[in-house]
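Report on the structure given below.
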Amino acid sequence: MTIARDIISSAVAAIIVALLLRVFVVGAFRIPSHSMEHTLQVGDQIVVSKIAFLLRDVRRGDVVVFTLSDDLPGVPSGQPLIKRVVALGGDTVRMTATSLFVNGQRQPAPPQSAAHSPIRISDDAFVEEVVVPAGHVYVLGDNRANSYDSRFWGPLNMERIIGMPLFVYWSYGSDEANAEPHLRLGRFFAPVR
């Protein structure tokens, strides 16, 4: 009887610990779109630290997972999104058809960016120059020619940030070398930078 009780109490404790970790410490998310290619690809599954930004401040260049407010069109309510922080509160952002400037300094494209074509700018949703308010960040997809980001809905309130992606733990989909969906073993445990 004590062996069964020990097994049951250990199992219950393990389930409680796992649930607490899942809710408060780490999360798992699937990449649904091309907006972060080639840093992240459609079908990548990532582990996200929910406490990373409790331990340090958000910085330019960080990749963040977040949700948008419910009143914005184009994204289902509560759906997590992932983008790269390009500007912080107080920064001035200016975009042209081919370049991003933060505080007057031209910014390089992200290291694994798929954006080799001009940046898509919507005349009705784009503001030529934006000063990011305090408590907000300006986020863009690495694939800037194909991303629904701060250019369309403005600076992101930092309270909407869920966490920072750590690594890809699973990757299934097509790629440039093979149009058929397959396991992309080379992406397993790749850090998200």
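The values are calculated or read from the model by the stated rules, or taken from the named source; none is laboratory data. In this text, all values refer to a predicted model and were calculated from it rather than measured experimentally. Positions of Cβ are backbone-derived with ideal geometry, glycine not excepted, and every protein chain shown enters the neighbour counts. Surface accessibility is based on the protein's heavy atoms, side chains included, excluding ligands, DNA and RNA. Shrake-Rupley method; radii C 1.70, N 1.55, O 1.52, S 1.80 Å.
Brief remarks on what is shown
- Within a Gaussian network of the chain (alpha carbon springs, distance under 10 Å), most fluctuating of V47, V63, V131: V131
- Net length gained if the chain between I15 and N103 were fully extended (0.36 nm per residue, minus Cα distance): 26.9 nm
- Between the stretch 48-86 and the stretch 1-44, the Cα center-to-center distance that results, in Å: 19 Å
- Percent carbon-and-sulfur accessible area, the chain, ignoring ligands, DNA and RNA, probe 1.4 Å: 60 percent
- Residues within the reach of a label modelled at S33 (point 7 angstrom out along Cα to beta-carbon, backbone nitrogen below 18 Å), restricted to the stretch 154-173, are 154-157, 160-163, 165.
- Helix 2-24 axis, angle to the chain major axis (alpha carbon atoms, nearest 10°): 10 degrees
- Gain in span if fully extended, R56 to A4, counting 0.36 nm per residue against the direct Cα distance: 14.3 nm
- For the chain, the relative contact order is 24 percent, taking Cα pairs closer than 8 Å that sit 6 or more residues apart in sequence and dividing their mean separation by the residue count.
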